[in-house]
Amino acid sequence: MAKTKLAILISGRGSNMQALIEACSIPDFPAEIALVLSNRPDAGGLDRAKAAGLPTAVVDHTGYETREAFEAVMSDLIEASGADIVCLAGFMRLLTADFVNDWRDRLINIHPSLLPSFPGLHTHERALEAGVKLHGCTVHFVRAEMDNGPIIGQAAVPVLSGDTPELLAQRVLVAEHQLYPACVKLIASGKARVSRDIVRTESKVDGLLINPA
Ligand code: GAR
């Protein structure tokens, strides 16, 4: 069966992109990477993508007067790559409702909290302030409202006494690197679908929920 083609959008170091690159290098993984696109010319992830021999593109948002103009260039590049699914991996630009709707149910994001708790920024600090005992990350289909949309999978990690935002972020990041490829695999293999704005999975599916050890 033909592999699902991914376009990965990044803004920074690209460690989640790297996790997807590694997953896609496994012969029977059902997806392959068609494009890595960054909105920042200095994103560290671009070097990682080039080192892996992947096609890369930069669309520097500072060069466009409007979000729409910036997104139109991104859309053309994504379309030209033949991507079936767009994966946001630390892509730190808000997307317009038009872009999100154009890619409805084909645009996924990883967010460093157990949504719907802690949408937005500084999730680890806020989790510590709230005193939650479980924290984690979520992979979800993107909707126009920020950090919202049908949840594909979640990974939980414990919050430990003595945690700082940095320590907690490191623990969550390890879980992110497991969760994102697992969720892409589910979608690319057709084992999970959106129905009435909820992701439904086949009964015997592993890897959707990753618990603390
Ligand atoms: C990750 O922790 C990801 O969950 C987060 O940015 C980091 C990117 O790291 N994304 C968001 O906060 C999106 N709202 P990476 O560049 O090493 O993958």
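Over the chain, dividing the summed -39,500 (n - 2.57) contributions of all DSSP H runs of at least 4 residues by the number of residues returns a 222 nm mean residue ellipticity of -10500 deg cm²/dmol.
For Val159, what is the net charge nearby, where nearby means another residue's Cβ is under 15 Å from its Cβ and Lys, Arg count +1, Asp, Glu -1?
On the way: positive: Arg126, Lys133, Arg171; negative: Glu125, Glu129, Asp163, Glu166.
My count for the surroundings of Val159 gives -1.
Charge dipole (Cα centre; +1 on Lys/Arg Cβ, -1 on Asp/Glu Cβ; no other charges) of the chain amounts to roughly 600 debye.
Taking the DSSP beta bridges in the chain as the whole, what percent of them are antiparallel, to the nearest 5?
Numbers: 15 of 34 bridges.
Of those bridges, close to 45 percent are antiparallel.
Computed over every Cα-Cα pair of segment 1-118 and binned at 5 Å starting from 0, the pair-distance distribution P(r) comes out as 2, 11, 22, 25, 20, 12, 6, 1, 0 percent.
With K and R counted +1 and D and E -1, the other residues having a Cβ less than 11 Å from that of Leu46 yield a net charge of +2.
Run the dipole for segment 77-154 about the Cα centre, Lys and Arg Cβ at +1, Asp and Glu Cβ at -1, nothing else charged, and hand back the magnitude in debye, nearest 20. Let's see the in-between values first.
Values: 6 positive and 9 negative charges, 45 e Å.
Around 220 debye, computed over segment 77-154.
Between the residues Ala34, His135, Asn101, the greatest Cα displacement towards the positive end of the dipole of segment 33-149, with unit charges on the Cβ of Lys, Arg, Asp and Glu, is found for His135.
Over all other residues within a Cβ to Cβ distance under 14 Å of Met92, the charged ones net out to +1, with Lys and Arg as +1 and Asp and Glu as -1. This model, with +1 at the C-beta of Lys and Arg and -1 at the C-beta of Asp and Glu, gives segment 109-202 a dipole about its Cα centre of some 460 debye.
Each 10 Å bin from zero up to the one holding the largest Cα-Cα distance in the chain carries the following percent of pairs: 9, 35, 38, 17, 2.
By the beta-carbon count within 10 Å of each Cβ, the least crowded to most crowded order of Lys3, Lys185, fewest first, is Lys3, Lys185.
In order along segment 103-112, the Karplus-derived 3J(HN,Hα) couplings, from 6.51 cos²θ - 1.76 cosθ + 1.60 at θ = phi - 60°, round to 10, 3, 6, 10, 10, 10, 9, 10, 10, x Hz, and Gly and Pro are given as x.
When peptides 158-170, 121-133, 8-20, 71-83 are sorted by average Cβ neighbour count within 10 Å, with the highest value leading, the order is 8-20, 71-83, 121-133, 158-170. Amide H contacts for Thr4 (H built 1.01 Å from N in the peptide plane; partners 5 or more residues away or on another chain; cut-off under 5 Å): Ala31, Glu32. With the charge dipole of the chain set up from +1 on Lys and Arg Cβ and -1 on Asp and Glu Cβ about the Cα centre, the Cα lying farthest toward the positive end among the listed residues Val73, Ser161, Asn148 is that of Ser161.
Every read-out reported here was derived from the displayed coordinates using simple, explicitly stated rules and does not represent laboratory data. Source: prediction; values computed, not measured. As a convention, Cβ positions derive from the backbone with ideal geometry for all residues, glycine included, and neighbour counts pool all protein chains shown.
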